Protein chains: 2
Amino acid sequence: MDGQQYAVGVDFGTLSGRAVVVRVADGAELGIATHEYAHGVVEERLPGSDLPLPPEWALQVPDDYRDVLRHAVPAAVAAAGIDPADVVGIATDFTACTMVPTLGDGTPLCEVDGLADRPHAYVKLWKHHAAQGQADRINQLAADRGEAWLPRYGGLISSEWEFAKGLQMFEEDREVYDRMERWVEAADWIVWQLCGRYVRNACTAGYKGILQDGAYPTPEFLGALAPGFGSFVTDKLDQPIGQLGDRAGGLTAEAAGWTGLPDGIAVAVGNVDAHVTAPAAQAVSPGQMVAIMGTSTCHVMNSDVLREVPGMCGVVDGGIVAGSWGYEAGQSGVGDIFGWFAESSVPAAYAVAAAGADESMHDHLTRLAAEQEIGEHGLLALDWHSGNRSVLVDHELSGLVVGQTLATRPEHIYRALLEATAFGTRVIVETFRDSGVPVEEFIVAGGLAKNALLMQIYADVTRLPLSIIDSDQGPALGSAIHAAVAAGAYADVPTAAKSMGKVRKSVYLPDERRAAAYDALFEEYLALHDHFGRRTSTMRRLKAIRRAAVERRISGGAGR
Amino acid sequence: MDGQQYAVGVDFGTLSGRAVVVRVADGAELGIATHEYAHGVVEERLPGSDLPLPPEWALQVPDDYRDVLRHAVPAAVAAAGIDPADVVGIATDFTACTMVPTLGDGTPLCEVDGLADRPHAYVKLWKHHAAQGQADRINQLAADRGEAWLPRYGGLISSEWEFAKGLQMFEEDREVYDRMERWVEAADWIVWQLCGRYVRNACTAGYKGILQDGAYPTPEFLGALAPGFGSFVTDKLDQPIGQLGDRAGGLTAEAAGWTGLPDGIAVAVGNVDAHVTAPAAQAVSPGQMVAIMGTSTCHVMNSDVLREVPGMCGVVDGGIVAGSWGYEAGQSGVGDIFGWFAESSVPAAYAVAAAGADESMHDHLTRLAAEQEIGEHGLLALDWHSGNRSVLVDHELSGLVVGQTLATRPEHIYRALLEATAFGTRVIVETFRDSGVPVEEFIVAGGLAKNALLMQIYADVTRLPLSIIDSDQGPALGSAIHAAVAAGAYADVPTAAKSMGKVRKSVYLPDERRAAAYDALFEEYLALHDHFGRRTSTMRRLKAIRRAAVERRISGGAGR
């Protein structure tokens, strides 16, 4: 192996793309550059249009992704101070499920003459939530028919995924649907742009595309959803699968022109931001659960065995690393709950004190929270402000805080919210364990890894050793690892991860006395969890009352 | 009746006393003056002492009460611009249960040589909560023995009341207890100071002194609580009872000197601030529930019938008006919950907006809350931040908010808290109704009556017409009514109330559409109420966990 070889990883996020240049020998990150999408998230109206989009829509403009290749990649190479000729491969990871409708050659429909004013011709971003009705019907029908693939997704597929979004387009703009020749994950579309070949990656095909044991939902099932939809897989979706770390093709002359990288170098099969982080954290063995903790948390873990874990997001053969069963779970709200609280629920005096101590509001609240004895706040919270992904899979759930007195202060509630997310994680860990997929180590990536109090709480609550990824560029580093493998510099991803991944092992260890103190609170959390999540419909009815109230307002109101 | 006759009412609160001069003919309030207690609430250390008081103690200095007579009464007369010779009577109302230990002549023990450094020689203010252990034992023993008086107090007597505080003194400072010849309600002690006679008023004797059907708890019961305590009633407590509105005696020369009022004028039997407000609001008939709504809410209502209402504070013969059964109930926290929220849970931007609109924070939040459709916030709260007095009688309960999302704003939670207190009131109203004591009208006194949104919510939630007392001096006006009756200007309190009381009838009427919208939320409230208040011990365990955490902190800590 030659110290002069480099790989480029590009992480496509919700608002920007980030390129990093990594040394193949040891994973050293030598240059980084970010490029913001010119159109960001399109939620209000299409570019150049005055027509408002309906609620819950979230679109993107695909040329914004090409711009990342044009700007961020050359800038990262320049920042690294390397000779571009020494770059041996490029790999990408993407948000998912983010879908691009294209012609047969990969041209996005919104770039086709006459379709620029059609919302369904644009990219549907992962957080486009306007296909909930379609998802509900898919789930109901699959449950009624006992479809074998349903338990692989914890019993429910999401409105964010390929079939719900595809069915929405079929039903709402048949003309655009008929013009569409391929319904492509953005993770694969960007690879198609780089190497000129459409290879469908095993990760999104499995987690978002319901590809299980080599088969998609049947034409009979699809036809029963909507007449005419039965050929959706054959006509729009099916495509040869590429394993993660495989070479999808060589960089085209056009893409070499955009990026300044050598013509023909390896382009890796596409990947997803969360999943690609596992090798970046050297965490690809069974029992190593990687949690990417940001506004929400995504959990990924490999295993040698296939088990049906209630409430998981999915289990996919080769979904994280080729040859292993990849499990995914998630918590819908984590950092965004802390952010919401800090923004909406903390009085002016705290802002003044934080500014005086030169702390962010989060640092300030965390410092005050760290002074509390476990349980001293007398509170318990449910971390369901954005619903519950795993293990209850119910987005009609909502937040709860119990135990307030007139002595309750913001730092008490803040700590209760931190703890609630840890308890939510423990429920996931225990559900995996109880299903025969034990968790031995908890490896954290993402912005929240910087909060030492939060990390210690997670170690104590889960009684697991906590390791922390030793890179601020987890996904991009993970992509660079895949680029190196696709270029042949390593035999496979686990081998590359050993050299190029970075982790600080067992940074936080559980303390038995603290863990025991949390056990008492966790028991109460479980009681609330099961009462509101399983036994009563209070939260569901409150949401129904809320929706009815909004409708009353629109129709004139019952008064206030 | 002569337009030149006046009555003086004096309301003794927690921090100050307030005198008002009222025209006997029509209740016109002509002059008001307030005097703050020099020593306020003694919670840290005795006057002139460095010795700290234990937690939960709350004492007062009785000469502070005499200072109100010396300063506020003459000032009110001067402000009224009347001739003091035209004043025909004076009456007082007091916080309760507030207890003064005295010699046989009414001298407070703390004024006796050699006892000024003994905490138990001082006045124990209503909110002295250090006798909870004694109250628990009284309740347990009474339940075990099936004492007939226990159901008259909804099944539990309070640590604030005469027997618990008396037993605490007996057990903690036997020497002071033995020096004490009388254990006197401050409501009666101040009357004793005015007229030189100790008359025990029927209201506090019944509600706080466990006097039922003419009898106190027996010597056998008391002796079983603590050996030697069996003679407590005979030795310290028993005293002839005076009915509310009766003349206790004539103003002594000394008290005439303090007040500047004529020697010998009528001094009425003592009374309690909440109960005396009912005639001030012309609300002394069966079915008229008066709610004095401030930091907490006290409900008082007369009835012709004796019923055992679960969770009421008490039912007393002549407890509000002589000749009627007086019922009392309460909500431990109302305005203080709103105050806590506004102070601790609303971000700087709201303070800026409120200041910009020249609104108090409460006015600002109320205006924003008023813009919401019923149920639009998607929230439900339990108003138990200070525990639940009626109907659950459990001070280990705590607050709860459910339904939060990342879109939840402070004005949403604020409205949910307003509504929660209305739902708590509805539980009380329905419990009275279900026990055979129907509520027909809801009359509000106290500072929260000024919040029009809150009042409309109460009318809609309870489906009762809401009347509002038309005086800012409810208790003092009520006392002046009693002074006029004691002076013989009216035959009885109800008659005087017709002329001197002031109320705006049916200011808020329930709206059926809104009431129906609240029904759906109330059903959810009841489900939470019963789950957390009756079926599970989650809140109780959280308080136990909290206390254990505080103890761990004191003993060195388990870490945080």
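The values are calculated or read from the model by the stated rules, or taken from the named source; none is laboratory data. Predicted model, so just to flag it, every value in this text is computed and none were measured. Every residue, glycine as well, gets a Cβ built from its backbone with ideal geometry; the counts of neighbours run over all protein chains shown. Just the protein is used for accessible areas: all its heavy atoms, side chains included, with ligands, DNA and RNA removed. Shrake-Rupley method; radii C 1.70, N 1.55, O 1.52, S 1.80 Å.
Report whether or not A:Glu430 is part of a helix (DSSP H, G or I) and more than 30 Å from A:Leu30 (Cα to Cα).
yes
Output the residues belonging to the range B:354-378 that are part of a loop (DSSP other than H, G, I, E, B), of a type in the set (Gly, Ala, Ser) and facing chain A (nearest Cβ under 9 Å).
Residues satisfying the conditions are B:Gly375, B:Gly378.
Looking at A:Asp530, A:Asp519, A:Asp511, can you tell me which residue is among the acidic types (Asp, Glu), under 30 Å from A:Val402 (Cβ atoms) and touching an Asp or Glu at 6+ places or on another chain (Cβ under 7 Å)?
On the way: A:Asp530 fails: touching an Asp or Glu at 6+ places or on another chain (Cβ under 7 Å); A:Asp519 fails: touching an Asp or Glu at 6+ places or on another chain (Cβ under 7 Å).
A:Asp511 is the lone residue from the list that is among the acidic types (Asp, Glu), under 30 Å from A:Val402 (Cβ atoms) and touching an Asp or Glu at 6+ places or on another chain (Cβ under 7 Å).
Which members of the range A:524-542 meet the condition of being within 30 Å of A:Glu373 (Cβ to Cβ) and either at pLDDT below 95 or under 29 Å from the mean Cα position of the chain (by Cα) (or both)?
Within the range A:524-542, A:Tyr525, A:Leu526, A:Ala527, A:Leu528, A:His529, A:Asp530, A:His531, A:Phe532, A:Gly533 qualify.
Only residues that are farther than 18 Å from B:Val439 by Cβ and open to solvent by less than 10 Å² (accessible area, probe 1.4 Å): list them for the range B:262-278, please. Full working, then the answer.
Start the filter on the range B:262-278 by keeping residues that are farther than 18 Å from B:Val439 by Cβ, which leaves B:262-273, B:276.
Passing the criteria: B:Ala266, B:Val267, B:Ala268, B:Val269, B:Gly270, B:Asn271, B:Val272, B:Val276.
Residue pairs, Cβ under 6 Å, 6 or more apart or interchain, first in the range B:256-276 and farther than 13 Å from B:Ala480 by Cα, second buried (at least 24 other Cβ atoms within 10 Å of the Cβ) and among the basic types (Lys, Arg). List them.
Qualifying pairs under 6 Å: none.
Which numbered condition in (1) away from chain B (no Cβ under 14 Å); (2) buried (at least 22 other Cβ atoms within 10 Å of the Cβ); (3) not charged (D, E, K, R) is the only one that A:Gly403 fails?
Single failed check for A:Gly403: (1).
Being under 22 Å from the mean Cα position of the chain (by Cα), not hydroxyl-bearing (Ser, Thr, Tyr) and not in a loop (DSSP other than H, G, I, E, B) is the filter here, so list the residues in the range B:83-103 that pass it. Walk me through how you get there before you give the answer.
From the range B:83-103, those under 22 Å from the mean Cα position of the chain (by Cα) are B:90-101; that's our starting set.
Then drop every residue that is not not hydroxyl-bearing (Ser, Thr, Tyr), which leaves B:90-91, B:93-94, B:96-97, B:99-101.
Once the filter is applied, which keeps residues that are under 22 Å from the mean Cα position of the chain (by Cα), not hydroxyl-bearing (Ser, Thr, Tyr) and not in a loop (DSSP other than H, G, I, E, B), the range B:83-103 yields B:Ile90, B:Ala91, B:Asp93, B:Phe94, B:Met99, B:Val100, B:Pro101.
Among the residues of the range A:316-355, which ones are among the hydroxyl-bearing types (Ser, Thr, Tyr) and either surrounded by fewer than 22 Cβ atoms within 10 Å (Cβ to Cβ) or at pLDDT 95 or above (or both)?
Restricting attention to the range A:316-355, the residues satisfying the condition of being among the hydroxyl-bearing types (Ser, Thr, Tyr) are A:324, A:327, A:332, A:344-345, A:350.
Within the range A:316-355, A:Ser324, A:Tyr327, A:Ser344, A:Ser345, A:Tyr350 qualify.
Every residue in the range B:456-485 that is in a helix (DSSP H, G or I), open to solvent by 10 Å² or more (accessible area, probe 1.4 Å) and not hydroxyl-bearing (Ser, Thr, Tyr), please.
B:Gln456, B:Pro475, B:Val485
Hey, B:Ala351 hits all of (1) at the interface with another protein chain (Cβ under 7 Å from one of its Cβ atoms); (2) of a type in the set (A, V, I, L, M, F, W, C); (3) without any contact (Cβ under 8 Å) to a residue 24 or more places away in the chain; (4) part of a loop (DSSP other than H, G, I, E, B) but one; which does it fall short on?
(4)
Just checking, does the range B:384-393 include any residue being within 14 Å of chain A (Cβ to nearest Cβ), part of a loop (DSSP other than H, G, I, E, B) and within 30 Å of B:Arg307 (Cβ to Cβ)?
The answer is yes; a qualifying residue exists.
Anything in the range B:430-455 that is open to solvent by 10 Å² or more (accessible area, probe 1.4 Å) and either under 30 Å from B:Glu359 (Cβ atoms) or in contact with a helix residue (DSSP H, G or I) (Cβ under 6 Å, 6 or more places away or on another chain) (or both)? List them, or say none.
B:Val439, B:Gly446, B:Gly447, B:Leu448, B:Ala449, B:Lys450, B:Asn451, B:Ala452, B:Leu453
Going through B:Arg504, B:Arg415, B:Arg426 one at a time, which residue ends up being farther than 22 Å from B:Trp325 by Cβ and touching a residue at least 60 places away in the same chain (Cβ under 8 Å)?
B:Arg426
Can we say B:Ala381 is in a strand (DSSP E or B), modelled with pLDDT of 95 or more, within 11 Å of chain A (Cβ to nearest Cβ) and under 22 Å from B:Tyr525 (Cα atoms)?
Spelling it out, B:Ala381 is indeed in a strand (DSSP E or B), modelled with pLDDT of 95 or more, within 11 Å of chain A (Cβ to nearest Cβ) and under 22 Å from B:Tyr525 (Cα atoms).
For A:Val427, indicate whether it is open to solvent by 10 Å² or more (accessible area, probe 1.4 Å) and within 16 Å of A:Gly333 (Cα to Cα).
Taking the combined requirement at face value, the residue satisfies it.
Counting only residues that are within 7 Å of another protein chain (Cβ to nearest Cβ) and of a type outside the set (D, E, K, R), which one in the range A:510-527 is surrounded by the fewest Cβ atoms within 10 Å (Cβ to Cβ)?
A:Ala527
Suppose the filter is open to solvent by 60 Å² or more (accessible area, probe 1.4 Å), assigned to a helix (DSSP H, G or I), among the acidic types (Asp, Glu) and within 10 Å of chain A (Cβ to nearest Cβ); does B:Glu551 pass it? Explain how you work it out, then say what you get.
Working: open to solvent by 60 Å² or more (accessible area, probe 1.4 Å): yes; assigned to a helix (DSSP H, G or I): yes; among the acidic types (Asp, Glu): yes; within 10 Å of chain A (Cβ to nearest Cβ): yes.
When the stated conditions are applied, B:Glu551 passes them.
Can B:Ala80 be described as of a type in the set (A, V, I, L, M, F, W, C) and either more than 19 Å from B:Gln473 (Cα to Cα) or under 26 Å from the mean Cα position of the chain (by Cα) (or both)?
For B:Ala80, the condition - of a type in the set (A, V, I, L, M, F, W, C) and either more than 19 Å from B:Gln473 (Cα to Cα) or under 26 Å from the mean Cα position of the chain (by Cα) (or both) - is not met.
Going through the range B:413-431 one residue at a time, which ones are among the polar types (S, T, N, Q) and over 14 Å from B:His385 (Cα atoms)?
Filtering the range B:413-431 for residues among the polar types (S, T, N, Q) gives B:421, B:425, B:431.
The answer is B:Thr425, B:Thr431.
Residue-by-condition table, conditions (1) under 26 Å from B:Ser158 (Cα atoms); (2) among the aromatic types (Phe, Trp, Tyr):
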site	(1), (2)
B:Leu261	no, no
B:Gly264	no, no
B:Ala280	no, no
B:Val300	yes, no
B:Trp325	yes, yes
B:Ala329	yes, no
B:Gly335	yes, no
B:Ala354	no, no
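Quickly run through the range A:70-98 and pick out the residues that are β-branched (Val, Ile, Thr), open to solvent by less than 10 Å² (accessible area, probe 1.4 Å) and closer than 19 Å to A:Gly249 by Cβ.
A:Val73, A:Val87, A:Ile90, A:Thr92
Return the residues of the range B:528-543 that are open to solvent by less than 50 Å² (accessible area, probe 1.4 Å), part of a helix (DSSP H, G or I) and within 9 Å of another protein chain (Cβ to nearest Cβ); say none if nothing qualifies.
B:Leu528, B:His531, B:Phe532, B:Thr538, B:Met539, B:Leu542, B:Lys543
Mind listing just one residue for me: the one in the range B:297-348 that is among the β-branched types (Val, Ile, Thr) and within 14 Å of chain A (Cβ to nearest Cβ) and, of those, nearest to B:Leu400 (Cα to Cα)? Before the answer, list the steps.
From the range B:297-348, those among the β-branched types (Val, Ile, Thr) are B:297, B:300, B:305, B:309, B:315-316, B:320-321, B:334, B:337, B:346; that's our starting set.
Imposing the further condition that a residue be within 14 Å of chain A (Cβ to nearest Cβ) reduces the set to B:334, B:337, B:346.
Values: B:Val334: 14, B:Ile337: 12, B:Val346: 17 Å.
Checking each candidate, the answer is B:Ile337.
Need at least 2 residues that are within 18 Å of the chain's Cα centre (by Cα), at pLDDT 95 or above and crowded, with 23+ Cβ neighbours inside 10 Å per element, so show me which helices (runs of 4 or more DSSP H) inside the range A:114-183 make the cut, counting only ones lying wholly within it.
Numbers: elements: A:132-145, A:162-172, A:174-179.
Correct list: A:162-172.
Out of (1) within 7 Å of another protein chain (Cβ to nearest Cβ); (2) more than 22 Å from A:Asp383 (Cβ to Cβ), what's the single condition that is false for B:Gly424?
(1)
Kindly indicate whether any position in the range A:261-272 is in contact with a His (Cβ under 8 Å, 6 or more places away or on another chain) and farther than 28 Å from A:Gln168 by Cβ.
Yes, the range A:261-272 has at least one match.
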